[in-house]
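To start, the structure under review is shown below, and the notes come after it.
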């Protein structure tokens, strides 16, 4: 579904990703793990078109999207759920969700999708007129995920979905991501919490200094002595 | 009820020249009106897209100069043996030219400077305004430099031989400014409530996120700059044909600062904010003068009031009033808080 070959990304002169290659098949849940500065977030930015790569090739469903505009990539079906501030703080919950469907013209379907999301996350419905910035961290995360789903993506990129959340919310977030995958949406996830990420994902890529150093299924990597020592602290 | 209030306000504003026979006060109102239009245009950039243009007066001045020059006609040597001359054009056409040329400059500045954001954008706009001021000062053949453009014709509208409206006297100019102000208000209102406006607000709120949901960042920033610059240009054109003399001082930095003060104290990112801020800080200096306070007291009062507003109402007067109003109605009726938060989100 998604194929990356020899990806190189730079911030000015600093290379953040060097010659990275990876592949994601339809319906998979793939995670990228690695230390700070390994190039995980950069890779996601390159996929969604926010940061055009210097070299390499990214294809999605057979189409070359290496230097496509973020808008085009979104239209093809890749939604990006960026890390950090995940919502538009002064817009209401409803408006945030509407922004998620910004490129869609099918009004009736948008309303249906929104109804479905509200059924899934009743708390968002009860707070729909509240400014998103006043929601709790967990609620904001739900909103961010819901917003990403409002574009009806085929592939969702999650950047650090568990960052800054209380442990029980982290678990809840991972449950939601699992649910998304169960609906047939492909997921690529960047995660600091290597243990949780490996447990959750079908396959995983371990990144170090902008390169893939290891790859395998979640359970393979969980039992790999090197991964254990470096990322799981065991 | 809200609509009724708007109509009542408009009727009141329209009735002012009928009962006010003090021409000096009317002049003050006209000037405040022109500044309010400029402040509204700045608000589109500063309040809705979050970009601080500290060279906004450049668009105002470009509108004033372009409109005056088109209505006066001019001849300049672009090369030693190549002269370009333009015959005097009707004033309404000149004013449109002023608006369009200012908008065009907005487009150029927008394209150039939205590669840079924040402090860098501020610097680009400040330098732009300063360069334009120096051009106006030194390109004597075109602008008359410090001698200023004099005897700028006033606006006349009508069908020759049938009737003519002349905008020489103050009441006529008052209505003209009011009409342009209402048009600008309606345009901005429609714009910010449209898809494009939603995109602009999303940009202000969180630019990377806006890009990630498919908002074409540069396109909407440039669009906002064009509209904003065009409106500032229209305000400049109104100014030129009302005051009927334009000199390079229209580019002074202090006018930009005044606009920023009006927008920020009134409430940036609200439709009414620049109007309220513009009314207060546009009328205050003249009011203090009328009270015959000593000059230093006048400026100290102006400054202190500004500091007080910014300190106690950091979001501006309009949002503060709105919160207060909704707070009151929330106590009175139960379902109100929901409404209050949507309004606050706007």
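The values are calculated or read from the model by the stated rules, or taken from the named source; none is laboratory data. The structure displayed is predicted, hence computed values, not measured ones. We place every Cβ from the backbone using ideal geometry, glycine too, and count neighbours over all the protein chains shown.
Only helices (runs of 4 or more DSSP H) whose full extent lies in segment B:115-211 are considered here, and the ones with at least 1 residues that are away from chain A (no Cβ under 14 Å) and in contact with a strand residue (DSSP E or B) (Cβ under 6 Å, 6 or more places away or on another chain) are B:140-143, B:170-192. Can you find, within segment A:52-97, the residue that is farthest from the other protein chains (Cβ to nearest Cβ) among those that are within 23 Å of residue A:147 (Cα to Cα) and in a strand (DSSP E or B)? It comes out as A:60.
Of the residues making up segment B:149-175, those that are touching a residue at least 12 places away in the same chain (Cβ under 8 Å) and surrounded by fewer than 21 Cβ atoms within 10 Å (Cβ to Cβ) are B:150, B:151, B:153, B:154, B:156, B:157, B:166, B:168, B:170, B:171, B:175.
Listed conditions (1) over 15 Å from the mean Cα position of the chain (by Cα); (2) touching a residue at least 60 places away in the same chain (Cβ under 8 Å); (3) within 14 Å of chain B (Cβ to nearest Cβ) are all met by residue A:37, apart from (3). Criterion applied to A:182, A:197 was being surrounded by fewer than 16 Cβ atoms within 10 Å (Cβ to Cβ) and closer than 25 Å to residue A:74 by Cα, and the one residue passing it is A:182. Residues in segment A:98-112 that are crowded, with 19+ Cβ neighbours inside 10 Å and more than 8 Å from every other protein chain (Cβ to nearest Cβ): A:101 alone.
Scanning segment A:40-51 for residues that are more than 9 Å from chain B (Cβ to nearest Cβ) and in a loop (DSSP other than H, G, I, E, B) returns a single hit, A:51. Is at least one residue of segment A:20-32 farther than 17 Å from residue A:204 by Cβ, surrounded by fewer than 16 Cβ atoms within 10 Å (Cβ to Cβ) and modelled with pLDDT under 85? Within segment A:20-32, none of the residues are farther than 17 Å from residue A:204 by Cβ, surrounded by fewer than 16 Cβ atoms within 10 Å (Cβ to Cβ) and modelled with pLDDT under 85. Would it be correct to say that residue A:121 is more than 23 Å from residue B:204 (Cβ to Cβ) and surrounded by 16 or more Cβ atoms within 10 Å (Cβ to Cβ)? Criteria met by residue A:121.
The number of residues in segment B:212-239 being within 14 Å of chain A (Cβ to nearest Cβ), touching a residue at least 40 places away in the same chain (Cβ under 8 Å) and surrounded by 22 or more Cβ atoms within 10 Å (Cβ to Cβ) comes to 1.
For residue B:120, are the conditions met, namely being over 21 Å from the mean Cα position of the chain (by Cα), under 24 Å from residue B:256 (Cβ atoms) and surrounded by fewer than 20 Cβ atoms within 10 Å (Cβ to Cβ)? Yes. Which of the residues spanning segment A:128-144 are in contact with a helix residue (DSSP H, G or I) (Cβ under 6 Å, 6 or more places away or on another chain), within 13 Å of chain B (Cβ to nearest Cβ) and surrounded by fewer than 23 Cβ atoms within 10 Å (Cβ to Cβ)? Result: A:128, A:129, A:130, A:131.
Looking across A:66, A:43, A:59, one residue alone is under 23 Å from residue A:199 (Cα atoms) and in contact with a strand residue (DSSP E or B) (Cβ under 9 Å, 6 or more places away or on another chain). It is A:43.
Do we have any residue at all in segment B:23-40 that's within 30 Å of residue B:211 (Cβ to Cβ), at pLDDT 85 or above and crowded, with 24+ Cβ neighbours inside 10 Å? For segment B:23-40, residues within 30 Å of residue B:211 (Cβ to Cβ), at pLDDT 85 or above and crowded, with 24+ Cβ neighbours inside 10 Å: present. The set of residues in segment B:100-117 being modelled with pLDDT of 90 or more and either farther than 15 Å from residue B:230 by Cα or crowded, with 20+ Cβ neighbours inside 10 Å (or both) consists of B:101, B:102, B:103, B:105, B:106.
For segment B:240-260, residues that are surrounded by 21 or more Cβ atoms within 10 Å (Cβ to Cβ) and within 23 Å of residue B:192 (Cα to Cα) total 2.
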